[in-house]
Amino acid sequence: MSEILTQLTEVLEARKQGSADESYVASLHQKGLNKILEKVGEECTETIIAAKDAERNDDNRQVIYETADLWFHSLVMLSHLGETADAVLDELQRRFGLSGLDEKASRNK
């Protein structure tokens, strides 16, 4: 699973400095963080709507599609900020075995 994230991270980094006329990723980076965040927010909203529809229709195809878009744009955001999926995976690894309630409580201190 992380192999796909590694490959995607490499592609995103390669396209980061590319031509905005030839690369969607390059065009997002050129437009800046606010545009990237706009796309993350848009994809988040679409994912929420798709999840609600999936529950009602008992069909998860659209929520999977929208989640892929959300993850993709989140990875573009991380790339723009100089981070990679590995940083997120490391954070998830750190939390593994930690109760969600305990983790949440630790943030409130």
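The values are calculated or read from the model by the stated rules, or taken from the named source; none is laboratory data. Since the structure is predicted, the reported quantities are computational estimates derived from the model, not experimental observations. Cβ sites come from the backbone with ideal geometry, for glycine too, and all protein chains shown count toward neighbours. Surface areas here come from the heavy atoms of the whole protein model, side chains and all, with no ligands, DNA or RNA. Shrake-Rupley method; radii C 1.70, N 1.55, O 1.52, S 1.80 Å.
Here the dipole of the chain is about 440 debye; that uses its Cα centre as origin and unit charges on the Cβ of Lys and Arg (positive) and Asp and Glu (negative). Ordering GLY32, LEU78, ALA105 by the projection of their Cα atoms onto the charge dipole of segment 31-109, which places +1 on the Cβ of Lys and Arg and -1 on the Cβ of Asp and Glu, puts ALA105 at the extreme positive end. In the chain, helical runs assigned H by DSSP with n ≥ 4 each contribute -39500 (n - 2.57); averaged across all residues and rounded to the nearest 500, the mean residue ellipticity at 222 nm is -26000 deg cm²/dmol. Working from Cα pairs under 8 Å separated by at least six residues, relative contact order for the chain is 24 percent.
With a probe of 1.4 Å, find how much accessible area the chain has per residue, and write the answer as a whole number in Å².
Details: 8020 Å² over 109 residues.
On a per-residue basis, the chain sits at 74 Å².
Per-residue surface analysis assigns VAL63 an accessible area of about 20 Å², computed on protein heavy atoms at 1.4 Å probe radius. A simple spin-label model places pseudo-atoms 7 Å from Cα toward Cβ; at ASP102 and SER19 they are separated by 5.4 nm. Screening the chain for whole DSSP H helices of 27 Å or more along their axis (Cα) with average Kyte-Doolittle hydropathy at least 0.0 returns 61-80.
On the chain, 53 percent of the accessible area sits on carbon and sulfur atoms, based on a 1.4 Å probe.
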